[in-house]
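A short write-up of the structure that comes next.
The values are calculated or read from the model by the stated rules, or taken from the named source; none is laboratory data. All values derive from a computational prediction rather than experimental measurement. The area values use the complete protein model at the heavy-atom level, side chains included, leaving out ligands, DNA and RNA. Shrake-Rupley method; radii C 1.70, N 1.55, O 1.52, S 1.80 Å.
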Amino acid sequence: QVRLVESGGGLVQAGGSLRLSCAASGSIFRINVMSWYRQAPGKQRELVASITSGGSTDYVDSLKGRFTISRDNAKNTVYLQMNSLKPEDTAVYYCNAFAGSLSSWGQGTQVTVSS
């Protein structure tokens, strides 16, 4: 089992930046892919970015250039650097780990971007 704890959310003005963190513990050696998702009020949860155990990254096209996913293997932590934030980025951001055939979720961290 993988446990995930997100942090770093908050309130920021449009154009600002935030860095989210996702600390993993438990059966981390089984993790193949870690991802960030987000869910805005009244909308479905959507994939933001992913990073594999080998370091390959993937992003939703609309966020390329503004968001960057990275990982620190020594700290078992994945980050999401978010720049040039817009009000439409307001959502709860969730960390996900895919380990073997199991998918684990964190509790989410709220990001609110004011105009």
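Can you give me the % of accessible surface on the chain that is carbon or sulfur? Probe 1.4 Å, all protein chains present, nothing else counted.
Working: 2920 of 6110 Å².
The computed percentage sits at 48.
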Between Leu63, Leu80, Leu20, which gets the highest mean-square fluctuation from a Gaussian network model of the chain, Cα cutoff 10 Å? Leu63
When the chain is modelled as a GNM with alpha-carbon springs shorter than 10 Å, which of Ser35, Ser104, Ser27 fluctuates the most? Ser27
Using a probe radius of 1.4 Å on heavy atoms only, what accessible surface per residue do you get for the chain? Whole Å² is fine. 53
Which aspartates and glutamates have a Cα less than 13 Å from the Cα of Lys43, not counting those fewer than 8 places away in the same chain? Glu88, Asp89
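Using only the heavy atoms of the protein chains and a 1.4 Å probe, how would Leu47, Leu18 rank by accessible area, largest first? Please report the intermediate quantities before stating the final value.
Values: Leu47 75, Leu18 30 Å².
Accessible-area ranking of Leu47, Leu18, largest first: Leu47, Leu18.
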Taking only Cα atoms and a 10 Å spring cutoff, compute GNM fluctuations for the chain and point out the largest among Ile51, Ile28, Ile69. Ile28
Would you mind estimating how fast region 1-43 diffuses translationally, via Stokes-Einstein at 10 °C and 1.306 mPa s with the Kirkwood radius over Cα pairs, in µm²/s? 124
